[in-house]
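The values are calculated or read from the model by the stated rules, or taken from the named source; none is laboratory data. It should be emphasised that the depicted structure is a prediction, and the values quoted were computed from it without experimental measurement. Glycine also receives a Cβ, built like all others from the backbone with ideal geometry; neighbour counts cover every protein chain displayed. Each accessible area value is taken on the protein alone, full model and side chains, heavy atoms only, with ligands, DNA and RNA left out. Shrake-Rupley method; radii C 1.70, N 1.55, O 1.52, S 1.80 Å.
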Amino acid sequence: MALTEPAPSLWERVICGVIIAMLTGALIGPVFAPTQEETPILRLVWLPAYAAILGLLLFRIDRLWRAWPAMIVIATIVGLAFASRYWSIDFATTMRRVIALALSGGFALYLGAVFRGPHLPRLLMHTALFLAVGSLVMVFAFPTIGVHQLDNAGLWRGLWYEKNQMGAVMVIGATAAAACLASPDPRRLMPAVALVLSSGLVLATQSKTSLLCLMVGLALIGGFWSMRRGGAAFSVVVVWTAVVLSGLGIWIWDTHSVAVLEALGKDPSLTGRTDIWDSLMRKVADRPWTGYGYGAFWGRIGESAPADWVRKETGWIVPSAHNGWIDLLVQLGWPGAILVGSLMAGTTLIAVLRCMGSGVREGWWALGFMAAFLVLSLSESILMAHQGLPWVLFMAIVTRAILPSPRAAAVPLVEKPRRAYQTAPRIVSQYPHGSHRRAFPVR
């Protein structure tokens, strides 16, 4: 059996790998924007990437037109962000980030339409492996860059600003590597190395959110792989066990959340996150249906009155909501949160329905990533990020969900030609001596 959708060419994979690395913020941010602010030079660095995205879209236009429903979805999201310019508290920032959001959506459309089946998780696995090796180089050769020096001193951050960023990227790499191992692809060595290395770097960050995302993503992929190999009876046991454990986990969290957090080394306020969320929800109440404009809320000190109010109330310079859904509310109000929530629910449902078809060929990567993405969105501002890999991959999964599943094409059997004497008419010759007859084919 062979996939009808061939792997993209090597040069496409290399370009996409570079863009994916840029979307993670690896090295570029710490080098060109060490204060974590958007700078003119950082925008210039992204211009070649945007040109490459446009070139890829034009090169694969023959495949993209089939994904026109995904184009409508992306256009709706970008359109809502664009409409917020009319009530944005920072018109220039909103317009600049809407353009970046549109280009990121175009790249997601390209990934979803061109990298079908197992090709996308394999691309992510290769890219994450490259970034993991680069992070090890930074940790051991340049520890002042690769290791936290003040806050979180001693914890690894690799090529990124902080440990949580490296943890999220390595979760993506580990999930993709696990999917490659669970797929029918016989190449096992590199996915195994990538899985071990990525998981080890997640542990080195000591990021509890990243660790939870890793456990959820790997458990889902491993569960479907086990069900596939174990048969119907084993599948029933796995599903029953998962339901029971999930219910038990929800009950423990609902009744003993403080004790759980303390056992994990976290304070009940989630490092001040609950204070931020309470303060932000009061600002959401002022503009529940419009928000403050896409990308406009978290301006620099003195440039955003509502953000300054939150910072004053919480007592520290808050850079983001640390929650994707609340960040959507302060930017686009309830329409934005409802739109993204409906899209996530619909995409997850389609991925579940396809899990025994196309999901087998990709190692159930979409389901594993979606589970990790949902958990991450509860702790990090990744929803509708104008330059963020998790959001791009989510939109790529939306595109793949809308498109028909790539079918496995059976290789036709070549019939062995029959010898002439097996099919030719036979003539019986009567020899004159009477009883002796011999049959022979016509040549």
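Size estimate for region 171-226 follows the Kirkwood approach: the inverse of mean 1/r over distinct Cα pairs works out to 11.3 Å.
Find, to one decimal place in angstroms, the Kirkwood hydrodynamic radius of region 324-406, where the mean of 1/r is taken over every pair of different Cα atoms and then inverted.
Taking every pair of different Cα atoms in region 324-406, averaging 1/r and inverting gives 13.2 Å.
Rolling a 1.4 Å probe across the protein heavy atoms gives region 1-105 an accessible surface of 53 Å² per residue. Here the Debye sum runs over all C-alpha atoms of region 30-186 as equal scatterers in vacuum, and log10 of I(q)/I(0) at q = 0.17 Å⁻¹ comes out as -1.23.
Taking the accessible area of region 271-407, probe 1.4 Å, and keeping the other protein chains in place, the carbon and sulfur fraction comes to 65%.
Based on Cα contacts under 8 Å between residues 6+ apart, region 1-115 shows a relative contact order of 30 percent.
Packing, taken as the mean count of other beta carbons within 10 Å per residue, orders the peptides 135-143, 366-374, 93-101, 194-202 from highest to lowest as 366-374, 194-202, 93-101, 135-143.
In the complete set of protein chains, residue-level accessible area for V133 is approximately 70 Å², probe 1.4 angstrom. Normalised by 2.2 N^0.38 Å, with N the number of residues, the alpha-carbon radius of gyration of region 125-167 equals 1.07.
Region 270-353: which trypsin sites (Lys or Arg not before Pro) are DSSP loop and have at most 15 other beta-carbon atoms within 10 angstrom?
Passing both the DSSP loop test and the Cβ count: R300.
Carbon and sulfur together cover what percent of the accessible area of region 59-140 at a 1.4 Å probe radius? Carbon and sulfur: 76 percent of the exposed surface of region 59-140. A DSSP coil position with no more than 11 other Cβ atoms inside 10 Å describes the following trypsin sites (Lys or Arg not before Pro) in region 171-209: R187, R188.
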